[in-house]
Amino acid sequence: MLLPDSFVFTQQNLQDYKDCAYRFYLKEILRLDWPAVESEPIREQEALMLMGTRFHLLCQQYFSGIPADVLSGQITHPELTDWWQNFLNLNLHPTPGSFSVEKLNTIPFGGFRLAAKIDLMLKTDGKIIIYDWKTSQHQPKRQTLLARMQSKVYPFVISNLPASQTVQPESIEMVYWYPAFPQSPVIFAYSSAQNDADQTELELLAAEITSKDKEAFNKTDNTKVCKFCRYRSLCDRGKEAGTSELDEEPADSDAAFIFDFDSI
Amino acid sequence: MTESKLTSIQQQIADLPVQSRVFLHGPAGCGKTFAAVHHMQALIKAGVPSDSILILVPQRTLAEPFKKIIRTPNFTSGGEPAILTIGGLAQRMLTLFWPLVAKEKGFGAPDKPPRFLTLETAQYYLSNLVEPLLQIGYFESVTVDPNRLYSQILDNLNKSAVVGFSPEEISTRLIQAWAGKPSQAIIYDQAQECALRFRQLCLQQNLLDFSLQLSVFANHLWPSLLCRQYLTSTYRHLIYDNTEEDYPVAHDLIESWMPDFESALIIKDEQGGFRSFMGADPISASRFSKACEKTIKFTESMIKTPELEHLETALTTSLTYHKIESEIPIEIQNAFSIHTFRFYPQGLDWITDQVKDLVDNQGVRPEEIVVLTPFLSDSLRHSINARFTNAGLSLSTFRPSRGLRDEPAINAVLTLVKLAFPTWNLKPVKDEIRIAMLLLIEDCDYIRADLITQVLFGQANGILRSFDSVKNKEMQQRISFLVGERFERLRLWLEENAIDDSLELDIFISRLFGELLSQPGYKFHQNFDSAAAVNRLVESARKFRQVMNIETSPKTPDLNKEYIRLVETGILSAQYMSDWESKTRSGSVLVSPAFSYLMNNRPVRFQFWLDIGSQGWWTRLDQPLTHPYVLNRNWQNGKLWSDMHENAANQQSLIRIMDGLIRRCSEHIFMCTLGVNEQGNEERGALIMAVQTILRKLQNKPGVKHV
């Protein structure tokens with residue numbers, strides 16, 4: 001088995017595997033740094049990512065008890081102001097102990113662990129609502145979102161936490177909430193059947209990954225994917241990065257806490 | 001790691017009641033951390049939510065044993081214990097509660113986000129302040145590299161934050177302890193003036209270096225109701241490991257937090273405090289023995305053999321008293337061996353052979369071997385790397401002070417950047433072009449690289465000419481059409497992509513790497529080491545830009561030029577302590593300065609100590625602008641720092657290092673002595689003298705192999 005003992009499955013690396021097994025191998029097993037551009041327009045992508053990070057932080061600050069008007073005074077970017085106002089209009093005022101923010105939840109899974117970092121989880125009246133802030137400029141189709149690994153991994157992890165044992169999967173709801181499109185959140189209800197189906201799919205996927213040897217991590221046949229993969233030059237699959245329509249939320253938009261001073 | 005492997009005293013720690021406060025101490029290698037990991041698991045088993053546990057360490061790498069367990073499949077479902085340093089916690093809290101503290105602390109733009117500085121970006125801002133002062137004669141009598149000057153000024157600020165005194169007191173404290181020429185007082189005053197100017201700039205521009213982060217957190221955030229409530233309700237149980245490597249202000253914070261924790265396990269290594277230059281204070285850490293209800297001491301080493309224990313005792317005695325009166329057990333010779341060489345290369349050849357033998361014939365895993373030296377110079381790194389490569393051995397080196405400019409791949413890329421933007425007036429020299437061509441173009445050997453440089457590079461205007469312009473057929477053939485075609489592609493790429501000189505440097509380099517240098521025909525194609533080096537460059541340039549990128553900052557081309565200047569002056573580092581894990585897990589032998597190795601607390605089976613005659617094992621770095629022992633809570637203000645103090649401090653430091661190394665070895669230490677050191681000098685430092693004292697004592701015993 002090639003995975004390191006401390007490997008943790010996430011929606012992101014499982015999605016990588018589904019998109020291209022070889023990308024998973026390079027990124028997760030070799031942990032290969034490859035400083036090529038992933039997708040263009042890179043400046044706009046970065047600006048969007050920074051704004052997404054800011055938005056996530058504002059939400060976290062709000063739920064940590066900082067008054068909303070103080071936070072509003074910190075925002076100068078017009079678009080972020082709109083996003084923030086839309087968030088405030090959600091009128092979320094959870095009671096202490098009934099919610100968690102930016103929390104990493106993990107469960108044992110396929111001989112490893114499976115993790116989900118949840119932007120906001122609310123527990124009310126025996127129900128669990130999982131919120132994920134989506135700070136992209138365009139809203140993808142509902143079916144596209146539901147097919148993403150995130151839509152399977154998040155509710156699956158939450159429904160398998162000890163704290164959720166008294167909650168039926170039917171009482172779990174996942175909300176993709178777009179601050180740019182506050183009127184059209186993508187909401188889907190979870191169910192026992194979906195939980196079983198997700199469990200089967202995820203376990204099969206994990207078993208497939210863990211049983212593979214190096215040569216079995218093949219490059220994808222869908223070369224369109226390579227346009228948006230930083231390893232394309234390593235695989236001889238193109239030069240310039242493809243142009244994304246900014247409809248995907250940048251992967252590390254909640255990177256506010258990555259930076260620290262341990263390195264000094 | 002199973003329950004059955006715990007000793008009875010370790011089991012006692014694991015089984016501590018949920019509501020307990022225990023101070024656990026003992027020498028390194030006694031299994032204290034192992035017991036604490038089990039205590040963490042026991043807490044969770046008893047129903048404590050895992051995310052209510054705070055694992056606090058002075059340096060993240062020291063929390064590896066906890067992290068390993070947290071990532072095992074058997075670990076409980078739910079949140080994870082938080083693994084933090086006080087510095088990391090301070091930064092998190094500042095990020096979260098910035099709107100509340102910014103105005104109160106007097107930051108110039110409280111409605112704008114904070115900008116956290118790395119050591120490098122802090123040095124950058126400081127250098128901009130200090131350079132004009134250097135021009136008018138500041139620090140005139142100090143002969144030291146400007147980068148070291150900046151790092152010492154920052155170090156003074158850091159000391160004020162970690163020890164807990166006002167930056168205004170820096171020079172007074174240093175002057176009062178100074179026993180040399182009175183003119184040094186001016187230097188200390190100038191160092192303080194620079195520190196205060198820097199602090200002022202930070203406050204004006206929302207810049208937070210390490211010292212300001214810590215001081216705002218300790219003095220403003222921690223006492224605030226909201227932050228304190230947040231922390232005390234989030235973290236209910238504390239495991240604080242290696243407290244002896246943390247600084248007094250960290251201890252102050254935890255001491256005042258203690259009443260709020262439901263349980264606390266506080267661990268201290270005796271004879272630790274290796275990070276004294278960063279303010280580590282083992283004496284301050286001892287306070288927790290009083291703050292806890294119970295103290296438990298571990299004494300039995302789980303790592304070193306009785307023979308290594310004899311070596312530790314003998315070496316400590318010898319270093320302390322310069323003689324050994326008691327008998328030394330003859331078994332001590334199993335713990336170490338001395339190998340004498342006249343010249344450095346002979347020593348390196350022998351180490352290479354010995355390592356190869358251990359790996360190939362004795363089944364020792366490469367990561368169970370370290371080669372330690374007081375300093376790791378580039379030439380030593382290169383020499384040992386070449387020998388290991390020839391012997392088919394994998395090697396990793398760890399040197400946090402290694403600069404980006406020392407990476408050949410990075411220099412080659414920056415040469416292309418200079419070529420691409422001639423208007424920046426950073427014209428490369430011929431030698432840079434030659435090396436860049438050699439390192440970047442596939443099939444381009446030194447001769448061809450030289451021909452390209454001579455024929456196709458215009459030194460005067462700093463521009464590459466087209467390969468088609470070579471009319472001499474013989475010259476074309478000597479360069480070869482294949483290399484010429486690759487050169488031409490490279491030249492055209494630079495020409496086409498240099499139109500927009502307002503493009504951010506990191507973005508330009510990313511495109512250069514992805515679209516050209518990692519494509520077939522160029523040497524970064526499938527070259528993972530070069531990719532890793534360029535990745536560091538890109539990340540570093542991006543961080544630099546993001547910190548600088550506000551309205552008052554210079555325009556992008558100026559920022560790009562400024563960044564290249566920083567790389568070339570050596571301010572920017574290529575490695576961080578946090579890289580330790582990735583650097584040491586690759587099935588390779590580690591070559592490292594002894595201090596860096598100790599800081600990461602990873603026992604091995606075999607150690608090689610290179611050049612035990614070196615004074616580097618004994619003498620501390622020359623720091624004319626600061627003083628780790630004076631800017632310290634244990635130093636009595638007003639006392640003079642004399643040669644006697646210096647000698648005693650060096651002696652204690654060497655004893656600590658020796659004990660630390662021996663306690664992290666489970667089988668054998670190979671000590672190498674060199675007649676002539678790397679610089680061609682003969683040295684007889686304190687370590688070799690102490691070892692010789694042991695050898696003399698052993699001399700008359702039958703069956704002794706060393707003498």
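Quick notes
- Built amide H within the under 5 Å cut-off of B:Thr340, gap 5+: B:Thr673
- Hz values of 3J(HN,Hα) by residue in region A:181-186 - Karplus curve (6.51, -1.76, 1.60), Gly and Pro given as x: 9, x, 7, 10, x, 9
- Inter-probe distance in nm under a simple model that places probes 7 Å from Cα toward Cβ, at A:Asn89 and B:Ala109: 3.0
- Proxy reagent accessibility, fewest Cβ within 10 Å first, across B:His39, B:His627: B:His627, B:His39
- Computed [θ] at 222 nm, deg cm²/dmol, chain A (DSSP H ≥ 4; -39,500 (n - 2.57); rounded to nearest 500): -10000 deg cm²/dmol
- Contact order, relative form, for region A:77-143: 21 percent (alpha carbon pairs under 8 Å, 6 or more residues apart, mean separation divided by residue count).
- Beta bridges per DSSP with both ends in chain B, % antiparallel, nearest 5: 10
- Derived scalar couplings ³J(HN,Hα) [region B:474-479; Karplus, 6.51 cos²θ - 1.76 cosθ + 1.60; whole Hz; x for Gly, Pro]: 4, 5, 4, 5, 5, 6
- Options A:Tyr131, A:Phe9, A:Pro67, ranked by Cα towards positive dipole end of chain A, top entry (Cβ charges): A:Phe9
- Taking a ≥ b ≥ c as the square roots of the eigenvalues of the Cα gyration tensor, region B:404-569 is classed as prolate, since a/c reaches at least 1.5 and a/b is larger than b/c.
- Between region B:371-427 and region B:106-146, the Cα center-to-center distance that results, in Å: 27
- Linear extension gain, B:Asn700 paired with B:Leu203, 0.36 nm per residue minus alpha-carbon span: 172.2 nm
- Cα centroid separation, region B:474-493 to region B:3-52 (Å): 66
- Length gained on full extension, A:Phe181 to A:Gln165, computed as 0.36 nm times the residue gap minus the Cα-Cα distance: 2.4 nm.
- The mean sequence separation of alpha-carbon pairs under 8 Å and at least six residues apart, normalised by the residue count of chain B, gives a relative contact order of 21 percent.
- Over 30 Å (Cα to Cα) - which of A:Lys152/B:Lys67; B:Lys112/B:Lys555; A:Lys117/A:Lys227; B:Lys471/B:Lys555 fall in this group: B:Lys471/B:Lys555
- Angle in degrees between helix B:32-45 and the longest Cα principal axis of chain B, rounded to the nearest 10: 80
- Likely footprinting exposure, B:Met644, B:Met437, A:Met121, fewest C-beta neighbours within 10 Å first: B:Met644, A:Met121, B:Met437
- Overall form of region A:8-254 per C-alpha gyration tensor (a/c, 1.5; a/b vs b/c): oblate
- Spatially, region A:85-104 and region B:72-97 are offset by 20 Å when compared through their Cα centroids.
- Remark on B:Leu24: its backbone amide H falls under 5 Å from those of B:Ile266, B:Ile267, B:Lys268, B:Ile296, a criterion applied only to residues 5 or more positions apart or on other chains, H modelled at 1.01 Å from N.
- Cα shape, region A:1-151, gyration tensor, a/c 1.5 rule: oblate
- Fewest-first sequence of B:Tyr124, B:Tyr247 by Cβ atoms within 10 Å of each Cβ: B:Tyr124, B:Tyr247
Every number in this text was worked out from the coordinates using simple rules, so none of it is lab data. Because the structure is a prediction, the values reported are computed rather than measured. Note that each Cβ is placed from the backbone with ideal geometry, even for glycine, and that neighbours are counted across all protein chains shown.
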